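Chemist: Once you've had a glance at the structure underneath, I'll fire off some questions.
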Amino acid sequence: MSRIIEADNYCLLEGDCLERMKEIPDGSIDLTVTSPPYDNLRTYKDSLEWGEHIWKPVLEELYRITKQGGVVVWNVGDATVKGGETGTSFKQALSARECGFNLETMIWEKTGSGCLGSNCYYGQNFEYMFLFVKGKPQHGELIKDRENKVKSGKVKVNGGLDKEGRGKTRVVERKPFGKRNNIWRFDTQKNSDHPAPFPEQMANDHIISWSNEGDVVFDPFTGSGTTGREALKLGRQFVGIEKVAEFFELSAACIEEINCAD
């Protein structure tokens, strides 16, 4: 029997995400941070049924439930079959555009793991973090931790030409740090009872970037509950769906531990 665990600031739904997402109202989710199955690389307790017939309607449902200005973070990679990548991640990104999302591509560079891939090519050490955006992002605050290489403080810069065609200058305030770029570097997550957790810091930074306190954060593939834990730590609400009973129990216990600590 499918279960629901509810508290003041979170709701966990057990079951197939395509069925349970139907229970979520239109335009009610501010941010989704999720990592769907990568082709057929893992079976997830023999529960996995995955392919375009699944991920395409998932994307359609995500578009329906996402608020205008909301963001979906879709962390994904490709399997290598017969000497080449499947390209499924690209198909998913283009399918999200067909649903109505705008697309931005970000990269997760894995800093603490060995490179994978065929001996025929350079080592592969990254995954995609696609942003599917419904309109223009209207939440969150971009993280500014990239050290500027130029002098900070008040400086004179070229201000174009005046009416007489003479060069003019203007004074601007240069900050010591600027917004980071779209390649984020994190170690792979360790010490988890789930076969494919993504880094807590990655979830944390996306939640800061694309949502505000009190917003609703969602994960249709909750797994061990990383997105939910980080959302509650940052004062957001959380809705999660998990199909595998063992992982549902794991995420419920971990999220409740964070909730009780607060």
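Chemist: Could you check how many residues of the range 228-262 are out of contact with any Lys or Arg (no Cβ under 9 Å at 6 or more places or on another chain) and under 15 Å from Ile208 (Cβ atoms)?
Modeler: Of the residues in that region, 7 qualify.
Chemist: Which pairs have Cβ atoms under 6 Å, sit 6 or more apart or on different chains, and link a residue in the range 215-244 that is in contact (Cβ under 8 Å) with a residue 40 or more places away in the chain to one that is acidic (Asp, Glu) and surrounded by 23 or more Cβ atoms within 10 Å (Cβ to Cβ)?
Modeler: Asp215/Asp30; Val216/Asp30; Thr222/Glu242; Thr227/Asp219; Gly240/Asp219
Chemist: Search the range 71-91 for residues that are closer than 28 Å to Leu31 by Cα and pair each with any residue that is of a type in the set (D, E, K, R) and surrounded by fewer than 14 Cβ atoms within 10 Å (Cβ to Cβ) when their beta-carbon atoms are under 8 Å apart and the residues are at least 6 apart or on different chains.
Modeler: Every condition considered, the pairs that remain are Lys91/Glu52.
Chemist: Something else now. Limited to the range 99-124, what total is found for residues that are at pLDDT below 95, surrounded by fewer than 17 Cβ atoms within 10 Å (Cβ to Cβ) and closer than 11 Å to Phe186 by Cα?
Modeler: Total meeting the criteria: 4.
Chemist: Still on this structure, please answer the following. Do we have any residue at all in the range 116-123 that's within 19 Å of the chain's Cα centre (by Cα) and either of a type in the set (Ser, Thr, Tyr) or under 23 Å from Pro57 (Cα atoms) (or both)?
Modeler: Scanning the range 116-123, I find no residue that is within 19 Å of the chain's Cα centre (by Cα) and either of a type in the set (Ser, Thr, Tyr) or under 23 Å from Pro57 (Cα atoms) (or both), so the answer is no.
Chemist: Filter the range 1-33 down to residues that are exposed (fewer than 14 other Cβ atoms within 10 Å of the Cβ) and over 25 Å from Asp205 (Cα atoms), then give me how many there are.
Modeler: Residues meeting the conditions: 10.
Chemist: Can you say whether Val58 is within 30 Å of Arg236 (Cα to Cα), modelled with pLDDT of 90 or more, assigned to a helix (DSSP H, G or I) and among the β-branched types (Val, Ile, Thr), as far as the supplied structure shows?
Modeler: yes
Chemist: Evaluate the range 192-205: report whether one residue or more is at pLDDT below 95 and of a type in the set (A, V, I, L, M).
Modeler: yes
The values are calculated or read from the model by the stated rules, or taken from the named source; none is laboratory data. Here the structure is a predicted model, which is why all the values come from computation and not from measurement. Using ideal geometry, Cβ is built from the backbone for each residue, glycine included, and neighbour counts are taken over all protein chains shown.
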